[in-house]
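Worksheet for the structure shown next.
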Amino acid sequence: MGEFMPHLCKITLAAPRSDTDDGDQVLEAMATAIEAGWESPLAVSEDEDLDPPLAEDKPDGGNILDYRILGYPEGAIILVLLEGTDLAQAALAAAALSQHLTTWSPTLLKFTTENVSVSPAAEPIDDDWAQSFDIPTPTRRWSPAELLDEELLTLSAKYLLARAVRSLWDPAKTRTPHIDAGDVIAGGNEHPWGRELTGALGTLLVLAADHEAETGETAKLTVRGSGDPALAEDLLTRARAATELDPEDDCADDDEMRGHVLLSDFMEDHSLTWKQVPKDESPAQTEQRTARQLHELLWAGVRALATLAYSLSDTAGPWQLLYELEDDRLISTLAAWEAEEIAATTEHDSDEAQSAALAHAAMWLAIRRPETLDTAEGERLIECIATNPGALHHVVYNTLLMAGPEPTRKAVDDQPLPADMRSGLTAFVQAQLLTDADKIDYEHGDPYDEMHGALEDALVHDEQFNDRLRAALDVAGLAARLTQTDVNPYRGVGRHISSPRQMTMELLARAALHATVVLTDHDGDATVRLGALATVAHVSAATAGEMAADLPDLTGDDPRTEPAARERARQWINDARQLTGQQATSNGDVGAGDDTQAILDDQTTTDDWPVHRFVSAAAEATAATLRSAGRLDAAKEIFTRE
């Protein structure tokens with residue numbers, strides 16, 4: 001029959017990820033199954049004689065020389081070294097072993113065979129035989145969350161819940177950082193976050209209920225969020241009742257245990273058995289039911305938590321919210337760090353927003369009311385921009401880019417400019433002409449980068465820097481006005497800019513983008529354009545009214561847009577009157593238009609006015625009121641108030 005050499009068998013088994021820690025039990029069951037042995041069918045070829053004498057000479061499945069078991073969260077790799085087999089018999093033995101392993105005990109029933117391979121063993125056989133297997137290193141043996149200490153997991157879960165709660169308080173996403181509560185709850189399906197989020201939720205609920213009881217500030221169940229309101233209402237009631245502690249209860253001082261009892265009783269009474277696996281459910285059914293019940297529990301908990309802690313909705317960040325609820329040294333440290341970060345971010349945002357607002361105000365004036373730049377207020381505006389001109393560079397750049405090469409060329413030719421500035425802007429036009437081609441040849445350079453470089457050369461920072469800024473504004477303003485003339489070959493074509501008002505409206509619509517600023521804590525576009533409106537109010541009340549009519553958020557598909565715009569405009573007027581103590585302003589003092597004077601004197605109702613008319617008049621009235629009282633210093637605060 002010839003000699004038979006040893007063979008190496010590799011079996012890969014797969015299993016669904018489990019929350020239970022049964023790894024040692026699984027490995028022990030696999031080892032026991034292998035050592036107990038298994039039955040393997042006899043490999044017989046078509047030309048073999050099946051007479052019993054010959055069959056007795058046929059080798060059996062072979063002896064097990066050695067084996068290795070490599071376990072990981074979602075499966076195992078079993079390596080077996082068989083002695084005295086041929087290849088066909090070894091293959092049958094390996095296949096039989098894979099079936100044997102997946103049926104040996106209830107612990108192993110969850111495993112399925114993923115791959116079986118057999119190959120001759122290289123001799124001589126030594127202790128390192130298993131290294132001859134090409135065993136790929138699992139790309140993820142454990143999830144990153146499972147590698148964290150339990151304390152960090154708990155802290156992370158509390159942090160995520162705090163951010164989820166803040167998203168219910170502040171759905172407009174005007175605060176940073178922002179996470180939607182739905183994202184946190186959906187992530188609960190991933191191991192181990194279901195366990196961690198529910199554990200942290202129970203603790204935070206009893207802490208928030210205690211805080212509410214101490215302050216006496218209660219609120220009705222928040223209407224924001226998803227899930228069943230009745231479940232959330234019941235959990236809210238239970239959490240409030242949990243503040244009545246029994247002095248003889250051993251858990252009275254253990255907030256974690258109090259929270260565990262609270263949620264356990266709640267889940268049991270509402271059959272939210274998301275941790276249980278009934279025998280009559282398929283894995284797919286269990287997964288669907290578990291996800292649904294966990295989502296119901298988390299939504300009820302987050303909404304109840306947002307209600308109980310509502311008196312803390314003014315806290316600036318999630319760590320500061322947790323600090324108010326829990327006396328924990330690490331949370332206290334993180335809250336202090338967060339406060340420093342928020343202060344630095346707020347200062348950065350303020351500087352960036354102010355720079356962009358000044359740039360947009362100057363450009364709006366240069367396009368629509370260029371004569372105002374010759375006033376004392378106009379000169380002061382240029383001086384302010386000169387201290388931080390980065391935003392103006394981008395606003396001028398984008399204005400010229402949208403105006404097109406021909407209006408820009410004409411504006412450069414017509415404006416009196418220093419020689420070196422004319423040279424720089426001429427280079428700008430030459431690069432801009434390349435962008436007008438059907439296809440840009442980037443092999444010879446990027447014309448957009450060349451335009452930025454040319455504009456930098458034109459705005460060199462020297463003794464005449466303020467004059468250069470004013471000249472750049474004059475060129476860009478003229479180019480924008482030329483878009484409505486025959487100089488512009490694209491006038492009326494598609495979405496090309498074809499009028500100065502269209503240009504200013506586009507600039508305000510994407511104010512942050514055109515100034516190339518990114519604000520972390522606010523809606524950048526709204527913050528910048530309202531800051532620009534406040535700046536223009538310093539120039540003249542009428543100009544502020546004209547600019548307000550260009551605001552892009554006065555109308556839209558959302559039916560809430562126009563009422564919100566009207567309410568904001570009313571608030572401008574009310575704030576100005578409250579600040580100055582004025583209820584009416586003389587027409588002779590401020591030169592207000594009829595609509596504006598009607599608002600100032602409360603002569604007529606404005607409910608039937610078109611929104612653009614009302615907002616324009618309200619902005620002018622606000623600026624006029626502040627000007628007459630000598631309080632234009634408050635314009636920014638009033639116009640940009642959220």
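Descriptive notes on the structure:
Each row is one residue, and each column tells you yes or no for (1) outside any loop (DSSP other than H, G, I, E, B); (2) within 54 Å of the chain's Cα centre (by Cα); (3) crowded, with 16+ Cβ neighbours inside 10 Å; (4) at pLDDT 85 or above.
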site	(1), (2), (3), (4)
40	no, no, yes, no
94	yes, yes, yes, yes
115	yes, yes, no, yes
122	no, no, no, no
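- Checked against the criterion of being open to solvent by 10 Å² or more (accessible area, probe 1.4 Å), of a type in the set (Lys, Arg) and in contact with a helix residue (DSSP H, G or I) (Cβ under 6 Å, 6 or more places away or on another chain), segment 439-453 has no qualifying residue.
- Condition broken by residue 356, with the remaining ones in (1) on the phi > 0 side of the Ramachandran plot; (2) at pLDDT 95 or above satisfied: (1)
- Pairs, first in a loop (DSSP other than H, G, I, E, B) in segment 607-619, second open to solvent by less than 10 Å² (accessible area, probe 1.4 Å), C-beta under 9 Å, six or more apart: 607/614; 609/617
- Residue 396 fulfils the conditions (1) among the β-branched types (Val, Ile, Thr); (2) part of a helix (DSSP H, G or I); (3) open to solvent by 10 Å² or more (accessible area, probe 1.4 Å) except for a single criterion, (3).
Each row is one residue, and each column tells you yes or no for (1) basic (Lys, Arg); (2) modelled with pLDDT under 85.
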| position | (1), (2) |
| --- | --- |
| 4 | no, yes |
| 10 | yes, no |
| 13 | no, no |
| 22 | no, yes |
| 44 | no, yes |
| 49 | no, yes |
| 56 | no, yes |
| 63 | no, yes |
| 77 | no, no |
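- Residue within segment 196-215 that is part of a loop (DSSP other than H, G, I, E, B) and either within 33 Å of the chain's Cα centre (by Cα) or not aliphatic (A, V, I, L, M) (or both) present: no
- The residue that is least open to solvent (accessible area, probe 1.4 Å), among those in segment 209-241 that are more than 20 Å from residue 296 (Cβ to Cβ) and either of a type outside the set (D, E, K, R) or in contact with a Pro (Cβ under 6 Å, 6 or more places away or on another chain) (or both), is 209.
- Test: residue in segment 290-312 that is out of contact with any Ser or Thr (no Cβ under 7 Å at 6 or more places or on another chain), open to solvent by 20 Å² or more (accessible area, probe 1.4 Å) and over 30 Å from residue 184 (Cβ atoms): no
- Residue match in segment 154-166 (condition: assigned to a helix (DSSP H, G or I), touching a residue at least 60 places away in the same chain (Cβ under 8 Å), in contact with a Ser or Thr (Cβ under 8 Å, 6 or more places away or on another chain) and aromatic (Phe, Trp, Tyr)): no
- Inside segment 624-642, residues that are of a type in the set (Gly, Ala, Ser) and under 13 Å from residue 570 (Cα atoms) make up a count of 0.
- Of the residues making up segment 70-91, those that are open to solvent by 40 Å² or more (accessible area, probe 1.4 Å), part of a strand (DSSP E or B) and within 29 Å of residue 192 (Cβ to Cβ) number 2.
- Within segment 431-474, the set of residues being part of a loop (DSSP other than H, G, I, E, B) and closer than 30 Å to residue 371 by Cα comprises 459, 460, 461, 462, 463, 464.
- Residue 324 vs. criteria open to solvent by 70 Å² or more (accessible area, probe 1.4 Å), assigned to a helix (DSSP H, G or I) and touching a residue at least 24 places away in the same chain (Cβ under 8 Å): yes
- Beta carbons closer than 7 Å, at least 6 apart along the sequence or on distinct chains, pair a first residue in segment 269-291 that is closer than 26 Å to residue 234 by Cβ with a second that is open to solvent by 70 Å² or more (accessible area, probe 1.4 Å) and of a type in the set (A, V, I, L, M, F, W, C) for 286/277.
- Residue, farthest from the chain's Cα centre (by Cα), within segment 243-274, restricted to residues that are more than 16 Å from residue 203 (Cβ to Cβ) and modelled with pLDDT under 85: 248
- Residue in segment 288-303 that is of a type in the set (Ser, Thr, Tyr) and at pLDDT 95 or above present: no
- Failed criterion for residue 357 (all others in (1) touching a Ser or Thr at 6+ places or on another chain (Cβ under 8 Å); (2) open to solvent by 10 Å² or more (accessible area, probe 1.4 Å) hold): (2)
The values are calculated or read from the model by the stated rules, or taken from the named source; none is laboratory data. From a predicted model like this one, the values you see are computed outputs, not experimental measurements. Heads up, the Cβs are rebuilt from the backbone with ideal geometry, glycines too, and the neighbour counts pull from every protein chain shown. For the accessible areas, the whole protein counts, side chains as well, though only heavy atoms, and no ligand, DNA or RNA atoms are used. Shrake-Rupley method; radii C 1.70, N 1.55, O 1.52, S 1.80 Å.
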